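Asks: Sharing a structure with you now.
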């Protein structure tokens, strides 16, 4: 089976909720991306604080959730340790994310309290994008007859673990596991809530923000957003931004996040390049009616450059052009290929430029003659990350 995408690193948001980084000891090793993407849900069977105290020593999941907090304990991509693995098949390495929820499982059909439900659903919605875990289940809500707390429970021996994508309860994982959490959870309600959150109007397209650390010329274009869109808006509004008003800036940034996110690129790098190319939206070519966001076709000769009828078209041309630089010719998805074709219809790209810039460094001397071009974009991106300050990354 071919691997499905996984954004490695640390989430900063899940829907409307902050995700706090509290790094705990990891057992070592990475998740197995060749297996269907799955998540595992646990309950702590104790308090939030007692669970966190244990996880700071051993057995850490990827996330710990309560009615008031979402903690990420291990980076996405790293194997968690909340499952036993006494006998085959593999357990922890086949789970892209494991969530421990503070509380107690029940034998009768039950649901988390409203505040906890909102946070778990938001996190699952975020993981559908960041880790490609579908918001589906391999089993119905109704539980089979007891006993559940046994290694021979029918769902553990069904053969679905390692072959079917979606969300499992600890009670459904084999490999020597015998816990029965989360019991008779009403999964269908939880998944419906997660789907409504992940597909809500105005939600950003693509994965949620992930903290990858300072941007450098070696930073890859293919990554989850490194910052929320609001940070880009704040950065641009804090500087002279030409003829554009606050609503214009928000719309421009939103188009970048929607377009770049839809093809797997980090919109921060695109906004940083736009800011560098247009002197924070004050350059001649960035003003209406030209709406050129990245110096496309601009050579310095009078009148030589590409004009776009509106910013949305210019942004699609910019993102598609960067995408053509970032991936080898013919290797993209149908959506990526369509955007590249649209972008290059405005201005062709020489064949020797295709796929040469999977990172910022590949743009130096190519998109612009400046050998420090990538470093300058990285510097702008880090200013945005820091909230516009000029200190070190």
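A short reminder: the numbers here are calculations on the coordinates, not readings from a lab. These numbers were taken from a predicted model, which means no experiment stands behind them. Virtual Cβ from ideal backbone geometry, glycine too; neighbours counted across all protein chains shown.
Asks: Counting DSSP beta bridges with both partners in segment 10-198, what percentage is antiparallel, nearest 5?
Replies: Around 30 percent of the beta bridges assigned by DSSP in segment 10-198 are antiparallel ones.
Asks: OK, next. Among DSSP beta bridges lying fully in the chain, give the percent that are antiparallel, nearest 5.
Replies: Bridges in the chain that DSSP calls antiparallel: roughly 40 percent.
Asks: Right, next: Once you order the gyration tensor axes a ≥ b ≥ c over the Cα atoms, which shape class does segment 6-82 get: rounded for a/c under 1.5, otherwise prolate or oblate by comparing a/b with b/c?
Replies: oblate
Asks: Related question: Using per-residue counts of other Cβ atoms within 10 Å, averaged over each peptide, order 259-269, 151-161 from highest down.
Replies: Result, highest mean Cβ count within 10 Å first: 259-269, 151-161.
Asks: Over the chain, what per residue volume does the convex hull of the Cα atoms give, in whole Å³?
Replies: 144
Asks: Counting only the backbone N, which residues of segment 77-101 are under 14 Å from the spot 7 Å out from the Cα of residue 32 toward its beta-carbon?
Replies: Once the point is set 7 Å along Cα→Cβ of residue 32, 79-80, 85-96 turn out to lie under 14 Å by backbone N, inside segment 77-101.
Asks: Can you give the Rg to Rh ratio for segment 101-162, taking only C-alpha atoms and Rh from Kirkwood?
Replies: With Rh from the inverse mean 1/r over Cα pairs, Rg/Rh is 1.00.
Asks: Follow-up. Sort 92-101, 270-279, 175-184 by packing, meaning the average of other beta carbons within 10 Å per residue, with the highest value first.
Replies: Averaged packing, sorted descending, gives the order 92-101, 270-279, 175-184.
Asks: Quick one: length gained pulling residue 379 to residue 21 fully straight, 0.36 nm per residue minus the C-alpha distance?
Replies: 126.4 nm
Asks: Which order, highest average first, do 109-115, 358-364 follow once you tally other Cβ atoms within 10 Å for each residue and take the mean per peptide?
Replies: The most tightly packed comes first, giving 358-364, 109-115.
Asks: Just grab the label-to-label distance for residue 312 and residue 157, each label 7 Å out from Cα along the Cβ direction, in nm (one decimal).
Replies: In this crude label model, residue 312 to residue 157 measures out at 5.7 nm.
Asks: Taking the Cα-to-Cβ direction at residue 113 and at residue 370 and moving 7 Å from each Cα, how far apart do the two end points lie in nm?
Replies: 5.4
Asks: Does segment 217-375 come out rounded, prolate or oblate, given a ≥ b ≥ c as the square roots of the eigenvalues of its C-alpha gyration tensor, rounded meaning a/c under 1.5 and, failing that, prolate meaning a/b above b/c?
Replies: rounded
Asks: Could you give the alpha-carbon Rg of segment 10-198 over 2.2 N^0.38 Å, rounded to two decimals?
Replies: Relative to the 2.2 N^0.38 Å estimate, segment 10-198 comes out at 0.92.
Asks: Here's a follow-up. Using 0.36 nm per residue of separation minus the Cα-Cα distance, give me the extension gain between residue 304 and residue 240 in nm, one decimal.
Replies: 20.6 nm
Asks: May I pose another question? Going by alpha carbons, how many degrees (0 to 90, nearest 10) lie between the helix axis of 267-278 and the longest principal axis of the chain?
Replies: 10
Asks: Output the Cα-based Rg and Dmax of segment 224-272 in Å, rounding Rg to one decimal and Dmax to a whole number.
Replies: So, for segment 224-272, Rg and Dmax equal 10.5, 31 Å respectively.
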